[in-house]
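Trainee: Dropping the structure in here first, questions after.
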Amino acid sequence: MCQSSRPLTSAPSVIGQSAPRADALTKVTGEERYATDYYPENHLWAGIKRAAYPHARITSIDISQAKGMVGVVAVLTSKDVQGSNRLGIFEKDQPILADGIVRHYGEAVALVTAETKEILKQALAAIVVEYEPLAAVFDPQAAMSKESVILHPGRADGNVLLSDEISCGRGVEALADCEFTAEVSIEVNWQDHAFLETEAGVAWLEADGTIAMIASTQTPFRDRLELAEALKIPPTKFRVMAPYLGGAFGGKDGITVQGFLALAALHAGGRAVKMWYEREEHFLAGTKRHPAIMKYKLGCDQQGMLQALDCSILMDTGAYSAMGGEVLELAMEHAGGPYCIPNTRIKGAVVYTNNPIASAFRGFGVPQVAAGIEQAVDELAKTAGFDLLQFRLKNAVRRGSVTPTGVLLTQTVGLSECLKKVADHRLWRERELWQNSAPAFKRRGVGLAACYHAVGFGPVIPDYANAKLELAADGHIRVFAGVSDMGQGNAATYMQIVGHILFQGYDNMEIVLPDTACTLPSCSSSASRTTFTYGNAITGAADILKERILARALLLFSFQLLEQLNVQDLVLLPGRIVHQPSGREVPLQLIAGFMDESERIATYSYTCPVNKQVLPTGKKLRHHGYPHRVFSYAVQLVRLQVDTLTGEIEVCDLLNCIEAGSVLNPQVFEQQIQGGAAQGIGYALFEDFALKEGKIRTNDFSTYILPTAMDIPNMETVVVPLAEDDGPYGMKGAGEISIDGILSAIANGVAAIIGTRITQGTLTGEKILLALRQAGKEAVR
Amino acid sequence: MRVKFMLNGKQTIVDAPADRRVVDLLREDFGLIGVKECCGAGECGACTILVNGTSRLSCLMLAAQLEGVEVTTIEGVAPEGSFAIVQQAFIDCGAVQCGFCTPGMVLAVLDLLQRNPQPSSEEIREGLSGNLCRCTGYQKIVEAVQVAAALLKGRRA
Ligand code: FES
Ligand code: FES
C-alpha cells in the first residue's frame, strides 16, 4: 500500500521511482477541464439525426420543419459537405453524413445546431427521413457468401475488407505428424470502451478562417488530415487541441465528433458550437472491440514441443473499415501466441456487416486471439499430460526465437522469466490447495495465460514523435506534449523524464497538452507506443536543452570568475545552476534571459526503428503492421470461485507478471496493469454486449454491466524489468499487455472447474450455470 | 421557479424551470465543471454531489428539489480537514488516472468515511460500488481510502 502524504510539488522525480502524477492534483480538485467542460460564450449545441435502419437507401430528407423552428441555426446534410465526405485511415469509406445509403443503425444522417439542448432535440425529431430498407447482413460468415448483400459495392473482395494467410515451415501438413493434437473453436464478443467521458468537443472559426476545436481525441494531428480530405479544407486550416481525455482506450483513436464539429462551425455564423454525446448515443455511434470467430488446431510431439498450428480468425468490422485491417493484422501476428511453433498456417479475414463499427480497443485484436491460442494450449497440455505452466515454458519464445508467424525476435523477450516467477509464486504452487478448499456449493479453480503484445506501428507507417521543450523566460520548463494523454499518465511521464534529465521538480515545470498550433506533429496515443516513442523524442530534446543551458551558464560564470571554466564543473539543480569548484550559483531565470527564443526552445524528432524482415507470406498485412520488432510479455493467473447453485463467478485473486522493459514510474506502470486487467475481467465476465439485427440491446449501464469495486479483486503485479535498447530508459509499452490474457486465463480457469469449455461469448453466470448443469455439476456441494 | 438553496456555503437564489436537471444547473449556470456527467441515468456516480452532507446523484435531481437544501460540489468542499487528506491520498496512492470519475469518487469517499470512519476493504468496495471507474480497476482507490481513514484516525486520536 502507498505511504502517506507528501506535497505534489516535490523534489525532482527520478526515473524508476514511483512519483505521483502531475495531473492528479487538478483532477482531484475538479479543476481540470476536459473537452466536455468547455462552454464557449454564446455557443450553440450541435446534434445528430441518426438512422433508424441497419441498411437502407435514403429516399428523402425533409428538413424544412426543423429549419423553420425558432432557435435552430442550421440543419445540414451531406449536400453541405464540400469535400469527399469520407473519413477513414487506410480505407476512406465512412461518410461524415450519410449520402444516399445508411449501413448501420444510428449512422449520422443530418446535423443540427440550435440555441439550446431542448430546441436541438425537438429539431432533430422534426427532421423526416424516408428510407427504402435494403437487405442487411449481420453475420460475418454470411457476409462472405456469394449471395450476401454487399455493403460497399465496387470493392474487389465484396464484403471482405482484408484477408490473408500467414504460413511458416511445412504449414498444416505437419499436424499429421504430431503425437498429440487439440482443437478449440471460440467465439468472442464485442466490447464497448465505456470510457466515462463520452465523445465531446467544441469548435469555432478563428479570425483567419481556421477551424479551431477542443476535442476528446487520441489523434489531434491525424484528425487534421482526415478532416482536410473529407471537408476539402487544407489541413493547416484546422487547429485541434486535445485536453486530458476522460478515458478512451482506443475509442477516440480517430474522428468521433470532430467532423460534425467542423461542419457545424462552418455554418454557425461565427459562433462556437458544442457537442457532447449522451451515453446512449455513445453506444450507438461509438466503435467497439471486434468480435471474432476462431478455430484452432494445435499439435505437439511426444516431448511436448509444439510442432504445428492451423488456425482461422474471422472478425466483424461492422459497417465501415475504421481500423479493421490493422486489428486483423495484429490478431494474426499474435495468433500463435508467444511460442515456438515451426509449422503454421494462420488464416484471417475481417468483413463488413451492417453491425456497429468495430475499431481500435486496448489490446487491438490480441485479447481475441489469446482466447483462442491459450485455450488450445491448455487443452493440448492436458491431452498430452503436461503441467500447464511447464508446457508453456518449454515452448516459450526467447530472444532470437522465431514466432509462429515467422517474426525473428531481435529485442528483449522476458516470457520465460515471467513463467518462472509465476511457477514459484504462491498462487500457482498452492493451486491444488485452493481447488480443494472450496466451501459448500462452491467450486474453485486456477486459470493461466501467457501472452505478448507488439509495440508500435510496424514496418510501413512511420512511428514518429516530435518533442518540444522550452526554458521559459521566467526560468521554468515548459514540456510540450505532442501526444494525447487519455488517462494513462504519459504527460506526467514526459515531465518525469525531463525532470530527471534537467533535475527539475514539478513545481518548476509546466505541461502543454496537444495543440496542433504549438505542439509538434506526433503520432497517436495508441499501440503501446505513446511513451515509448515520445519518451525517446523528449529525452533527445531535454539533452539538447541541457547542453544549451550549461553552455550559457558557462559563459556567465566565466565572466564572473574571469577564467576559463569547464562545462563538467557545472551542475543543474532545481531552479538553478551551480559551478561546483567555486560554489557560485545562477538561477535558471537569469540564464533564460541570456538566451534568445530559438535557443530556449529545443526540439527533437524521433522515429522508431522497425523490423526489416522480408516475410514470404502475409504480404497484404505488411502495410497494416506485420512484422513488429519489439514486444512486451505477460503471464496472468486468476483464482476463481464458482457458485454451483447460481453459476455466479468470482475472480478472487489475480496475478500479473509483466515484462515490459524497465519501469519508469512503478505507480503509473501499476495503474496501467491493474486498469487493463480490470477491463479484461469486464470483457470476460460482465460486459455481455448484445445485438439484435444490428441494433444494440445493451445501450446503457443497466444493461451493459461494467465491473464495480465489488467485482475486481486486489491484484498483484510482479515485474520482470529487462532493459530494452529501443525504449527510453529501457522501457517498452505497457498500456495493452495486461488486458491480453485475462479472458483466456479466466476461460481456462472456468474450464478447469467445470470440465467443459464455454466457447461462445461473455462467460456470464447464466452460461456457467448451464454448463454446470450439462456437466452434471449444478448444485453440487 | 425561484429556488433558494445553499451552494458551496453561499446562499443562492436561481430562477430555473422546476424540471431542470441539477447537473445542468450546476455545470452550465454556475460553471461547476467538477460535477461530471457520464451516464445521465443514475448508474455511474460521476455526477455525485453532497446534499445536506450525503452523496446524491445530480443527474437524477431536479431544480425544484434544491429548495432549502445545502449543496456541496467538489469545488466547495472545505479545503482543510478530511477533504484535503482524501485528495492527497488519491494523489499519493495513484488513484487518479483519467480522473473523470475522481470528483464523484472523492465525494462518495467523504460521505463513506463520515458514516464509517474505519471501513474494512470490503466496506470500502461496497460503499463505492455506485461509482464506476473504467481506468483503475479500483485497487488504488481502495488503498487511498484506507490511507485516508488511517490518517484521519491518527488525527482524531
Ligand atoms: S451521470 Fe449521474 S449517475 Fe451517471
Ligand atoms: S480514473 Fe478514469 S474513470 Fe476513474
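Trainee: So which residues in the range B:141-157 are more than 7 Å from every other protein chain (Cβ to nearest Cβ), open to solvent by 10 Å² or more (accessible area, probe 1.4 Å) and in a helix (DSSP H, G or I), if there are any at all?
Mentor: B:150, B:152, B:153, B:154, B:155, B:156
Trainee: Please specify each residue of the range B:119-139 satisfying the condition of being part of a helix (DSSP H, G or I) and facing another protein chain (nearest Cβ under 7 Å).
Mentor: B:125, B:126, B:139
Trainee: Which pairs do you get when a residue that is touching a residue at least 60 places away in the same chain (Cβ under 8 Å), found in the range B:79-93, comes within reach of a residue that is part of a loop (DSSP other than H, G, I, E, B) and crowded, with 23+ Cβ neighbours inside 10 Å, reach meaning Cβ atoms under 7 angstrom, with the pair 6+ apart or on two chains?
Mentor: none
Trainee: Looking only at residues in the range A:688-731 that are surrounded by fewer than 19 Cβ atoms within 10 Å (Cβ to Cβ) and among the small types (Gly, Ala, Ser), which one is farthest from the other protein chains (Cβ to nearest Cβ)?
Mentor: A:723
Trainee: Could you grab me the full set of residues in the range B:73-97 that are within 11 Å of chain A (Cβ to nearest Cβ) and either more than 16 Å from ligand 2 (Cβ to nearest atom) or touching a Phe, Trp or Tyr at 6+ places or on another chain (Cβ under 7 Å) (or both)?
Mentor: Taking the range B:73-97 and keeping what is within 11 Å of chain A (Cβ to nearest Cβ), we get B:73-77, B:79, B:83-97.
If the condition is that a residue be within 11 Å of chain A (Cβ to nearest Cβ) and either more than 16 Å from ligand 2 (Cβ to nearest atom) or touching a Phe, Trp or Tyr at 6+ places or on another chain (Cβ under 7 Å) (or both), then B:73, B:75, B:76, B:77, B:79, B:83, B:84, B:85, B:88, B:96 are the ones that fit.
Trainee: I'm trying to understand the selection: among the residues of the range A:203-224, which are open to solvent by 30 Å² or more (accessible area, probe 1.4 Å) and in contact with a strand residue (DSSP E or B) (Cβ under 9 Å, 6 or more places away or on another chain)? Working first, answer last.
Mentor: Initial filter on the range A:203-224 (open to solvent by 30 Å² or more (accessible area, probe 1.4 Å)): A:204-209, A:222, A:224.
Answer for the range A:203-224, where residues must be open to solvent by 30 Å² or more (accessible area, probe 1.4 Å) and in contact with a strand residue (DSSP E or B) (Cβ under 9 Å, 6 or more places away or on another chain): A:204, A:205, A:206, A:224.
Trainee: Also, quick follow-up: If I ask for residues that are among the charged types (D, E, K, R) and at the interface with chain B (Cβ under 7 Å from one of its Cβ atoms), which ones from the range A:32-57 would you list? Spell out the reasoning first.
Mentor: Our first condition is that a residue be among the charged types (D, E, K, R); within the range A:32-57, this holds for A:32-33, A:37, A:41, A:49-50, A:57.
Once the filter is applied, which keeps residues that are among the charged types (D, E, K, R) and at the interface with chain B (Cβ under 7 Å from one of its Cβ atoms), the range A:32-57 yields A:32, A:33, A:37.
Trainee: Further, regarding this structure: Specify which of the listed residues (B:88, B:114, B:65) is touching a Leu at 6+ places or on another chain (Cβ under 9 Å), open to solvent by 20 Å² or more (accessible area, probe 1.4 Å) and in a helix (DSSP H, G or I). Write out each step before concluding.
Mentor: Values: B:114 fails: touching a Leu at 6+ places or on another chain (Cβ under 9 Å); B:65 fails: touching a Leu at 6+ places or on another chain (Cβ under 9 Å).
Only one candidate qualifies: B:88.
Trainee: Another one. What are the residue pairs meeting all of these: first residue in the range B:34-53, first residue of a type in the set (A, V, I, L, M), second residue surrounded by 24 or more Cβ atoms within 10 Å (Cβ to Cβ) and at pLDDT below 95, Cβ atoms under 8 Å, and 6 or more apart or on different chains?
Mentor: Close Cβ pairs satisfying both conditions: B:50/B:77.
Trainee: Moving on to the next point. Can you tell me which residues in the range A:472-506 are touching a Lys or Arg at 6+ places or on another chain (Cβ under 6 Å) and within 16 Å of ligand 2 (Cβ to nearest atom)?
Mentor: A:489, A:492, listed by residue number.
Trainee: Another one. Could you count how many residues in the range B:44-58 are open to solvent by less than 60 Å² (accessible area, probe 1.4 Å) and either more than 16 Å from ligand 2 (Cβ to nearest atom) or not in a loop (DSSP other than H, G, I, E, B) (or both)?
Mentor: Counting residues in the range B:44-58 that are open to solvent by less than 60 Å² (accessible area, probe 1.4 Å) and either more than 16 Å from ligand 2 (Cβ to nearest atom) or not in a loop (DSSP other than H, G, I, E, B) (or both) gives 9.
Trainee: What about residue A:473, is it in contact (Cβ under 8 Å) with a residue 60 or more places away in the chain, surrounded by fewer than 24 Cβ atoms within 10 Å (Cβ to Cβ) and away from chain B (no Cβ under 14 Å)? Talk me through it step by step, then tell me what you get.
Mentor: Numbers: in contact (Cβ under 8 Å) with a residue 60 or more places away in the chain: yes; surrounded by fewer than 24 Cβ atoms within 10 Å (Cβ to Cβ): yes; away from chain B (no Cβ under 14 Å): yes.
Spelling it out, residue A:473 is indeed in contact (Cβ under 8 Å) with a residue 60 or more places away in the chain, surrounded by fewer than 24 Cβ atoms within 10 Å (Cβ to Cβ) and away from chain B (no Cβ under 14 Å).
Trainee: Here is a follow-up. Would you please name the residue that is farthest from the chain's Cα centre (by Cα), looking only at residues in the range A:179-202 that are farther than 25 Å from residue A:252 by Cα and either open to solvent by 20 Å² or more (accessible area, probe 1.4 Å) or within 16 Å of ligand 2 (Cβ to nearest atom) (or both)? It would help to see each step written out before you state the result.
Mentor: Filtering the range A:179-202 down to residues farther than 25 Å from residue A:252 by Cα leaves A:179-187.
From what is left, the residues that are either open to solvent by 20 Å² or more (accessible area, probe 1.4 Å) or within 16 Å of ligand 2 (Cβ to nearest atom) (or both) are A:179-181, A:183, A:185, A:187.
Working: A:179: 39, A:180: 37, A:181: 34, A:183: 30, A:185: 26, A:187: 21 Å.
Result: A:179.
Trainee: Quick one: which residue in A:176, A:203 is in contact with a helix residue (DSSP H, G or I) (Cβ under 9 Å, 6 or more places away or on another chain) and more than 14 Å from chain B (Cβ to nearest Cβ)? First the steps, then the outcome.
Mentor: Working: A:176 fails: in contact with a helix residue (DSSP H, G or I) (Cβ under 9 Å, 6 or more places away or on another chain).
One residue alone meets the criteria, A:203.
Trainee: So residue A:700 passes all but one of these: (1) touching a residue at least 60 places away in the same chain (Cβ under 8 Å); (2) acidic (Asp, Glu); (3) away from ligand 1 (no atom under 16 Å from the Cβ). Which condition number does it fail?
Mentor: Result: residue A:700 passes all but (3).
Trainee: Just to verify a result, which residue in the range A:414-470, among those that are among the hydroxyl-bearing types (Ser, Thr, Tyr) and in contact (Cβ under 8 Å) with a residue 12 or more places away in the chain, is nearest to residue A:335 (Cα to Cα)?
Mentor: Quick first cut of the range A:414-470, residues among the hydroxyl-bearing types (Ser, Thr, Tyr) only: A:416, A:437, A:452, A:464.
Now drop any that are not in contact (Cβ under 8 Å) with a residue 12 or more places away in the chain, which leaves A:416, A:452, A:464.
On the way: A:416: 19, A:452: 10, A:464: 27 Å.
Checked the range A:414-470; the qualifying residue nearest to residue A:335 (Cα to Cα) is A:452.
Trainee: In the range B:98-143, what count of residues is obtained for those that are within 30 Å of residue A:242 (Cα to Cα), away from ligand 1 (no atom under 12 Å from the Cβ), in contact (Cβ under 8 Å) with a residue 24 or more places away in the chain and not hydrophobic (A, V, I, L, M, F, W, C)?
Mentor: Number of matching residues: 3.
Trainee: Could I ask something else about it? Please pick out the residue among A:274, A:237, A:232 that is buried (at least 24 other Cβ atoms within 10 Å of the Cβ) and basic (Lys, Arg). Reasoning before the result, please.
Mentor: Working: A:237 fails: buried (at least 24 other Cβ atoms within 10 Å of the Cβ); A:232 fails: buried (at least 24 other Cβ atoms within 10 Å of the Cβ).
Testing whether each residue is buried (at least 24 other Cβ atoms within 10 Å of the Cβ) and basic (Lys, Arg) leaves just A:274.
Trainee: Of A:460, A:455, which residue is among the β-branched types (Val, Ile, Thr) and in contact with a Ser or Thr (Cβ under 9 Å, 6 or more places away or on another chain)? Let's see the steps before the verdict.
Mentor: On the way: A:460 fails: in contact with a Ser or Thr (Cβ under 9 Å, 6 or more places away or on another chain).
Going through A:460, A:455 in turn, just one is among the β-branched types (Val, Ile, Thr) and in contact with a Ser or Thr (Cβ under 9 Å, 6 or more places away or on another chain): A:455.
Trainee: Collect the residues in the range B:68-83 that are over 24 Å from residue A:246 (Cβ atoms) and in a helix (DSSP H, G or I), keeping them in residue-number order.
Mentor: Correct list: B:82 only.
Trainee: Right, another one. Every residue in the range B:98-138 that is touching a Lys or Arg at 6+ places or on another chain (Cβ under 8 Å) and closer than 15 Å to residue A:196 by Cα, please.
Mentor: Once the filter is applied, which keeps residues that are touching a Lys or Arg at 6+ places or on another chain (Cβ under 8 Å) and closer than 15 Å to residue A:196 by Cα, the range B:98-138 yields B:98, B:99, B:100, B:101, B:102, B:103, B:104, B:138.
Let's see how each residue does on (1) at pLDDT 95 or above; (2) in a loop (DSSP other than H, G, I, E, B); (3) closer than 30 Å to residue A:623 by Cα; (4) open to solvent by 30 Å² or more (accessible area, probe 1.4 Å):
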site	(1), (2), (3), (4)
A:410	yes, yes, yes, yes
A:416	yes, no, no, no
A:422	yes, no, no, no
A:451	yes, no, yes, no
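Trainee: Let me ask something else about it. From the list B:62, B:66, B:50, exactly one residue is under 27 Å from residue A:707 (Cα atoms) and more than 9 Å from chain A (Cβ to nearest Cβ). Which is it? Let's see the steps before the verdict.
Mentor: Numbers: B:62 fails: under 27 Å from residue A:707 (Cα atoms); B:66 fails: under 27 Å from residue A:707 (Cα atoms).
None of the other options fit; the residue is B:50.
Trainee: From the list A:552, A:529, which one is in contact with a strand residue (DSSP E or B) (Cβ under 7 Å, 6 or more places away or on another chain) and either on the phi < 0 side of the Ramachandran plot or open to solvent by 20 Å² or more (accessible area, probe 1.4 Å) (or both)? Before you say what the answer is, go through the steps one by one.
Mentor: Details: A:552 fails: in contact with a strand residue (DSSP E or B) (Cβ under 7 Å, 6 or more places away or on another chain).
Every option except A:529 fails the conditions.
Trainee: Same structure again: How many residues are near ligand 1 (Cβ under 10 Å from one of its atoms) and open to solvent by 50 Å² or more (accessible area, probe 1.4 Å) if we restrict to the range B:14-42?
Mentor: 1
Trainee: Considering the range B:43-65 alone, what residues qualify as being within 16 Å of ligand 1 (Cβ to nearest atom) and over 13 Å from the mean Cα position of the chain (by Cα)? Let's see the steps before the verdict.
Mentor: Applying the first criterion (within 16 Å of ligand 1 (Cβ to nearest atom)) to the range B:43-65 yields B:43-51, B:54-63, B:65.
If the condition is that a residue be within 16 Å of ligand 1 (Cβ to nearest atom) and over 13 Å from the mean Cα position of the chain (by Cα), then B:43, B:60, B:61, B:62, B:63, B:65 are the ones that fit.
Trainee: Please tell me if residue A:534 is more than 27 Å from the chain's Cα centre (by Cα) and of a type in the set (Ser, Thr, Tyr).
Mentor: Values: more than 27 Å from the chain's Cα centre (by Cα): no; of a type in the set (Ser, Thr, Tyr): yes.
Considered against the rule, which asks whether it is more than 27 Å from the chain's Cα centre (by Cα) and of a type in the set (Ser, Thr, Tyr), residue A:534 comes out as no.
The values are calculated or read from the model by the stated rules, or taken from the named source; none is laboratory data. Note that this is a predicted model, so its numbers are computed, not measured. Methodologically, a virtual Cβ is constructed for each residue, glycine included, from the backbone with ideal geometry; neighbour enumeration extends over all protein chains shown. The protein model used for the area step is the full one, side chains on, heavy atoms only, and it has no ligands, DNA or RNA in it. Shrake-Rupley method; radii C 1.70, N 1.55, O 1.52, S 1.80 Å.
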